[in-house]
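One structure is given below, encoded as structure tokens.
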Amino acid sequence: MSGYRLSSGGSQIDRSRRVRFSFDGRDLGGFAGDTLASALLANEQTLFGRSFKYHRPRGVLSAGAEEPSALVTMRGGARVEPNTKATMVELYEGLEAASQNRWPSLRFDVLSVNSLFGNFLTAGFYYKTFMGPTRKSWMFYEHFIRRAAGLGAGGFEADPDRYEGLHAHCDVLVVGSGPTGLMAARAAAVSGARVILAEEMAQLGGMLPNESESLDGMGAGDWAKATVAELSTYENVTLMPRTTVYGYFDDNVMAAVERVADHVPVPAENTPRQRHWTIRAKQVVIASGAIERPVVFDGNDTPGVMLSDAVRSYALRFGVAAGRKVIVFTNNDRAYHTALRLADQGMTIRALVDARWAPPQELVEALAARDIEHFPGHVVVKAEGGKALEGVHIAPYDPHTKRLKGSPRWLTTDALAVSGGWSPAIHLASHASDRPEFREDIQAFVPGAPEQAWRAAGACNGDFGLAACLAAGAEAGAAAAGDVGFGATALPLPSVEGGEPDGSAMLPLWEVPAIKGRGKKFVDLQHDVTAEDVRLAQREGFQSVEHLKRYTTLGMAADQGKTSNINGLAIMAETRGATIPEVGTTRFRPPYNPVSLGAIAGREIGAHFRPVRLTPMHDWHVAQGADMLAAGAWLRPRVYRQPGESVTDAYIRETRAVRDSVGIVDVSTLGKIDVQGPDAAEFLNRVYSNGFAKLPVGKARYGLMLREDGIVYDDGTTWRLSETQYLMTTTTANAAGVLTHLEHLLSIVWPELRVQVTSVTEQWAGMAVSGPNARRTLEAAVDDMDLSNEALPFMGVRPGHLGSIPVLIARLSFSGELAYEVYAEANYGMPVWEKVLEAGKPYGIIAYGTEALGALRIEKGHVAGPELDGRTTAADLGLGGMASRKKHYIGSMMLDREGLTDPNRLKLVGLVSLSGESIRPGSQLVEGATVATSGPSLGHVSSTTYSPALEKQVALGLVEGGLERTGHRLYAIYPLKGHRVPVEIVEPVFFDKDGSRMHV
Amino acid sequence: MRIYCPICGERDSSEFTYGGDATVHRPAMDETDVEAWCQYVYNRKNPRGPMLEYWHHTQGCRAWLVLERDTVTHKILSQPRLVGPWADQPASNPPTDGGSDTGSAERERVSEPVGAE
Ligand SMILES: [Zn+2]
């Protein structure tokens, strides 16, 4: 096979600490400091997974965050995490990982036959095959196709780990800790600025351990360690390893994820798995480096084909040889140094293949000194081997015609190190910049003009040389600190000795012609997009790069095309006969790397998702065994079931008890707004559609509130407590909205009105006492109030006391019975509630819930939320008389619009089930009994209940023409459930039509 | 995005609720021209670039503010000001940096709808 552990080397691993782990159930060993990828390579594992579409065998391409192929599923059970890059996973004792997208096993995968049909699954295959006349067959095949394509599978159990969301502030945020980032952080730090240095990998230093140069007389890796050690002594510097800054948002807000415990089996006690950071930085230095790019040739996805710097990384940082016999394939100088370093490390370099005809002489001599065969002017045209690389065909290449100049020859190899040049990692910068700019000398895009307070430096900005990066970093760090107001101190640059070419002396080389035919040349390894797909899309008219991307899905995988973007653009440019800048590039969007949903949710999960609001009597309801139901953020008792009762049994019993004697219901959730000021009466008169100017002190009035467009917004009673003070109640649902509406009017529309509004919803406990015995009950409870019809008439409001507790009692009725609402300061809610219950004992008082509340109001035809649905007018609801014609108020001028006066509008009606079956809310009202004869919908059912008073199933509904259809028979249909109930249209007030019961 | 509230200081935009176009004038209460009402209720410009708009500090002091914001970059171009009866009160939390006071011409423009009746 191929990879193995070298006898020496590996700056990042600790050979004295062995680590056991398993891959696909196989027990393997590695060293502390390994990544899963390096440890697997050391264990001769070349095959890492199967590809997305064709199930082709795939290995590992890179050694970092740009990895498109080596995706594995980590852990198991509730902690399972699919699509994790093996190159980013730090090895830990007991790590469990599994390969993906293969069945039954990685080595033998049934669906790899997809690969045989590769020519058929080209760009747009599914659209072309399953749209049009064959569309129906998609329904049949979809399941199989979806099963065949894809990556890892997530779990179904809840994640047991904790994720946290934190905020951080700094003067200068430095993203990336390579030579540029370290110098930038240092320069900003010495100026005194608060600095955060974020690094995606576990070790700070970026690519420095890979470099040949010495800095200040130290190895580059040692210099990085020393600099990090120095930075850690600054109080104004925060080092954040394992932290990916994934998005750049408005106002210089950066989002980052810190992988706190991904490198251990289970997070330590009180430690989250990940932290999501919102970082507000006054200035940002983006030092995100560059990503090496592959060359597109036939079979370039064969396991064993890797990026040149990745092969170098595995050898120098992890002491792992990618193969027994390595070939280097390049279009630039830097890969020569890779070959030399690897050879010096004891690896066998079979050959170096360079597309350029005249590389620098000293490099050629250095190869010769190490017996490395040199093929200038050659390219790798084809890689062969299936599950593991066995060899490559190379051929002479003419860079002008871009054709092969001779017949190919075969070289055996088990690892091919490819370098097609470098692309700056401009992703983060492009979240907050103008269009990226193309630079001919490096054949790559660099960040466009900043639209926020950042500067890019070093390789990310197209400066690839080490000395250039150090200088650019120091300058950027000082300038960033200077922009925040910290005086710059000249920072001496480290002396650089040695010196490696920066890779920019490159020959543009994107794609190598196949020996014959088209070959299988992959541009996007994660989405299985080939060079032929790009050309096909272009032939089919997808000229724009944005269209190309969406049609072929190039660069749309989870890796966002980090290693495929520029190759795809170059191939498209060539096909179109245009230049790369003419083709342009798509914009990168956050996130730079995938972010787990857990990190985004943080602690806002389960009961923490939003606060739950409890009424002052909540504990009593729970103690009585009430079924509590969420009503917005509130929890309200639905029914108080007695042993053996169903919900229906319970609400029917509760409803009857109210009609027969007396009941009490918690209405504390109603919105309550204190309205005060000399102009309060005028204000309310403008806000409500019915008259409020003449409401006397000590009286309440039902008010209807319209929107500016004339549609009903909310309703409720408002009580006049004094000449200048009112207590307004709103529906539970609109409590917050109505307050905002009133504040808007008082601030913006009528600032001259001397009125203040304050939410007092939570300051008052409210309860309604309803039923023929309501007066007797309250008379027994209150001490200092005459509750007779004369003293407290219908709609009257009086202050009083229950014992020593002050209360407000209003004679209001939602149930249609003799009823009172009793309000007390919230902390007195419970004692008042209990006193009323005690007083009602002789009458068999019961507590009732929202179901009975609903049944009582539907029997009375009172509208509520389901009828105030944002589409109904006062006239639609039978409340036309409440929309005054004598005054101006919100919505008054819009009432006569054609659409609102159309006689065919849906209007409120009552419905009675003719079959005795219950009517489902949301049912459509139609004329015909069968599907064929049903005809168009004439309206819908809004609220339904069983009416104990009528002993019938009844409902409220909105129907075309409204009460003109009284006596008509319709069907209430609910096709999704197969319900079809014959109903008769009646008046919406089912019970006690003249209201005599509440006026006693 | 952060919004400077003259009462509370600079706060995260998640505390605020968008209140729409601040150049819209509500017709006088007794205006009978239906066209004027249609303009007020339905027609908005939706500009690309600078826009004068209302924001409500819903999760804070509950004041209504008016500010100018670029709808493309989300940059706030003018220092937000209170509207309503409190509009002329001095800021209790003057901004430490960023935000520039706006000229009197614009102030005129803003105060118009506020006082319209
Ligand atoms: Zn505020």
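The values are calculated or read from the model by the stated rules, or taken from the named source; none is laboratory data. Bear in mind the structure is a predicted one, so any value in this text is a computation, not a measurement. Cβ coordinates were reconstructed from backbone atoms using ideal geometry, including for glycine residues, and neighbour counts include every protein chain displayed. Heavy atoms of the whole protein, side chains included, go into the accessibility calculation; ligands, DNA and RNA do not. Shrake-Rupley method; radii C 1.70, N 1.55, O 1.52, S 1.80 Å.
Close amide H partners of A:ARG613, meaning residues 5 or more places away or on another chain with modelled amide H under 5 Å apart, are A:TRP634, A:LEU635.
Using the crude model of +1 on Lys and Arg Cβ and -1 on Asp and Glu Cβ, and no other charge, please compute the dipole size for chain A relative to its Cα centre, in debye to 20.
2440
Excluding same-chain neighbours fewer than eight residues apart, the lysines reachable from A:LYS405 by a Cα-Cα span under 18 Å are A:LYS382, A:LYS516.
The sum of -39500 (n - 2.57) across all DSSP H runs of n ≥ 4, divided by the residue count of chain A, sets its helix-only mean residue ellipticity at 222 nm to -6000 deg cm²/dmol.
Judged by the mean number of other Cβ atoms found within 10 Å, the most tightly packed of the peptides A:711-723, A:750-762, A:202-214 leads the ranking A:202-214, A:711-723, A:750-762.
Could you run the numbers on buried accessible area between B and A, total for both chains, 1.4 angstrom probe, in Å² to the nearest 100? List each step's numbers first, then the result.
Details: alone 7590 and 40520 Å², together 45570 Å².
Roughly 2500 Å² of accessible surface disappears when B and A pair.
Taking the Cα centre as origin and putting +1 on Lys and Arg beta-carbons and -1 on Asp and Glu beta-carbons, what dipole magnitude results for segment A:505-583, to the nearest 20 debye?
Details: 10 positive and 10 negative charges, 41 e Å.
Roughly 200 debye for segment A:505-583.
Panel note: contact residues of segment B:27-68 (accessible area lowered by at least 40 Å² against the chain on its own; 1.4 Å probe) correspond to B:MET29, B:TRP37, B:VAL41, B:TYR42, B:ARG62, B:TRP64.
Surface composition of the protein assembly as shown: carbon and sulfur make up 52 percent of the accessible area, probe 1.4 Å. Inter-part distance, segment B:12-29 to segment A:159-177, computed on C-alpha centroids, equals 34 Å. Heavy atoms of the protein chains alone define the surface here; on that basis segment A:625-685 has 34 Å² accessible area per residue at 1.4 Å probe size.
Projecting the Cα atoms of A:ASN567, A:THR729, B:MET51 onto the charge dipole of the protein assembly as shown (Cβ charges, centred on the Cα centre) puts A:ASN567 farthest toward the positive pole.
Could the peptides A:366-373, A:408-415, A:681-688 be put in order, highest first, of the mean number of other beta-carbon atoms found within 10 Å of their residues?
A:681-688, A:408-415, A:366-373
Which of the three applies to segment A:505-583, rounded, prolate or oblate, going by the alpha-carbon gyration tensor with a ≥ b ≥ c and a/c under 1.5 meaning rounded? Verdict is rounded for segment A:505-583. Averaging over all projection directions, the Cα-based convex hull of the protein assembly as shown occupies 51.9 nm² in the image plane.
Of the trypsin sites (Lys or Arg not before Pro) found in segment A:917-1000, those in coil by DSSP whose Cβ has at most 12 other Cβ atoms within 10 Å are A:LYS993.
Measuring with a 1.4 Å probe in the full set of protein chains, what accessible area per residue, in whole Å², belongs to segment A:178-270? Don't skip to the end; give the middle numbers.
Numbers: 3280 Å² over 93 residues.
Dividing the accessible area of segment A:178-270 by its residue count gives 35 Å².
Contact with the other protein chains removes 40 Å² or more of accessible area, compared with the isolated chain and a 1.4 Å probe, from these residues of segment A:732-755: A:THR740, A:GLU743, A:HIS744, A:SER747, A:ILE748, A:VAL749, A:PRO751. Which of the three applies to segment A:671-759, rounded, prolate or oblate, going by the alpha-carbon gyration tensor with a ≥ b ≥ c and a/c under 1.5 meaning rounded? Cα axes put segment A:671-759 in the rounded bin.
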